[in-house]
1. Would you mind checking the tilt of helix 262-273 against the longest principal axis of the Cα atoms of the chain, expressed as 0 to 90 degrees and rounded to 10?
2. Return the FRET efficiency for the residue pair Q433, Q190: r is the Cβ-Cβ distance, R0 is 56 Å, and the value is rounded to the nearest 0.05.
3. Might you report the magnitude of the Cβ-based charge dipole of the chain about its Cα centre, with Lys and Arg at +1 and Asp and Glu at -1, to the nearest 20 debye?
4. Taking each pair of distinct Cα atoms in segment 226-436 once, what is the resulting Kirkwood hydrodynamic radius in Å?
5. Tell me the angle of helix 304-318 to the major Cα principal axis of the chain, expressed in degrees between 0 and 90 and rounded to the nearest ten.
6. I need to check one value: relative contact order of the chain, counting alpha carbon pairs closer than 8 Å and at least 6 residues apart, in percent.
7. With r defined as the distance between the Cβ atoms of K61 and E275 and R0 fixed at 35 Å, what FRET efficiency is calculated, to the nearest 0.05?
8. When Rg and Dmax of the Cα atoms in Å is calculated directly from the model, which label among (1) 32.1, 129; (2) 28.6, 100; (3) 27.4, 91 fits?
Amino acid sequence: MQWEALLADPAWQDVQSLWRALADWPPKSEPTHTEPLPVPWEQLRLLLEYALLALQPLVLKQVLSAQALENVRILLHLRLDRRLVSTQARPPSSPYQLQPDPYLRPQYHRYHALQALEQQIKALKQGPFFMQRFSMAETQNILEDLNLDLLEIYAHLLGPEARENHWPMILETIIALELPLAENGISPAQIELKIAQFAPLALAEDILMRSRFSGALRAALSILKEAQNLSQALPALRRLVLSPGQHSLTTTALGLLKKISEVEVWEILCSLLVETIPDSHQAEGAFGQVRCAALDVLSQFQNHEYQTLAGPLLRAGIHASYWSNLSRLKAIQILAKWGHPGYLEEVIGALRSALAQDHREEMEVALETLKTLQDPRSIPILVELLRHLSRSDTVLENLRQAFHSDRTPIQEGLLKTLKVLGHPLSYDRVSQQWLPENSP
């Protein structure tokens, strides 16, 4: 990196200011407040990403390498995550592994990182630009415990090969973020003023359009969930949904499309329905999650014109080899809901497969599909499956409670489906059989 140009750049100084202010975030509440004020964590993450995106021109000017920018991004978001953990505000799911790995190679342990930073500072001081730098205060900032924690965590995130290649650059990145002590630094309280300068929805849309960092995208989607009207956010959501990979984020974004009109989202759903990627394809989650989420949105369509257009796409998917049983079941259920029942054999086959493989979600969707189909031909098959489950409970299996407890929800699902189909059953303890209710 070109140190002199980097440290003099206003965009870099903004990132430095945020980096340092995060060490004491969130600001303490005023004594007059009886309860702590809500902390805008998600908006802060978007503010960090907004500042990081402003560094991209430095990559084009070769002041900063693309890998160095990625290092800055990870370290800055990790620093925010450490504050989340320390204040016990961390959401259940996190894109980061925040616990140090005890099996890391010794040179990546925090104490070895301390030694490596000291050596890096010593090496930089040999150059003319740094000869008069690294005061005691600057050195202490670089070697603070929080930085050592981040280095240890980041080393774990990188993996063995990347650690070997990027470790010296990561050390330089920590030093660059701490040098020099910015005269225009901001306090934690001033971060809230910077956040207030942006409309949350507009900032979330901007990040969705420009960023590819999963943590920032997740924060943007979290803010959009609270909005009532998402029509303006549709271009940003379309970009995320139709981008390859990151299937778990795409699934979340598709859930937001339920708030937007059918006319506006039809093109997006159509693109996903004709996509030939196998449902088992893994990126960030399986693509089947994306297809099922798209089908969930489609199931709410009321417009007959779009139902007519979607019908052939759904029928093609039901027979497509790259659709999973779960996607097929949802498509069959949608067609039945729209007045086009059928595919009973496919549903029964999927139900048998789900029972054999103990696939609970697939079984539940198959039973819901049978309720929607309302086909009386499924009744004897469901009764047979129910009695088969009862017969397979041997004495040994009954002693092992796991088998019994596993089957109870399955039996309940079958019984509820039979009741909806007009064939309720009850268990007769004398004959040890399932018999129609009110039978003699």
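We did not get these values from a lab; they are worked out from the coordinates using the rules stated. Fair warning: this is a prediction, and the values are worked out from it, not measured in the lab. Here the Cβ positions follow ideal geometry from the backbone for every residue, glycine too, while neighbour counts run over all protein chains shown.
1. Around 90 degrees separate the two axes.
2. On the way: r = 74 Å, r/R0 = 1.32.
Efficiency for this residue pair is about 0.15.
3. Values: 40 positive and 49 negative charges, 102 e Å.
Roughly 500 debye, rounded to the nearest 20.
4. Details: mean 1/r = 0.0530 Å⁻¹.
When all Cα pairs of segment 226-436 are included, the Kirkwood radius is 18.9 Å.
5. Compared with the principal axis, the helix lies near 90 degrees.
6. Numbers: 435 pairs, mean separation 49.4, N = 440.
Rounded, it is 11 percent for the chain.
7. On the way: r = 38 Å, r/R0 = 1.10.
E(calc), rounded to 0.05, equals 0.35.
8. (2)
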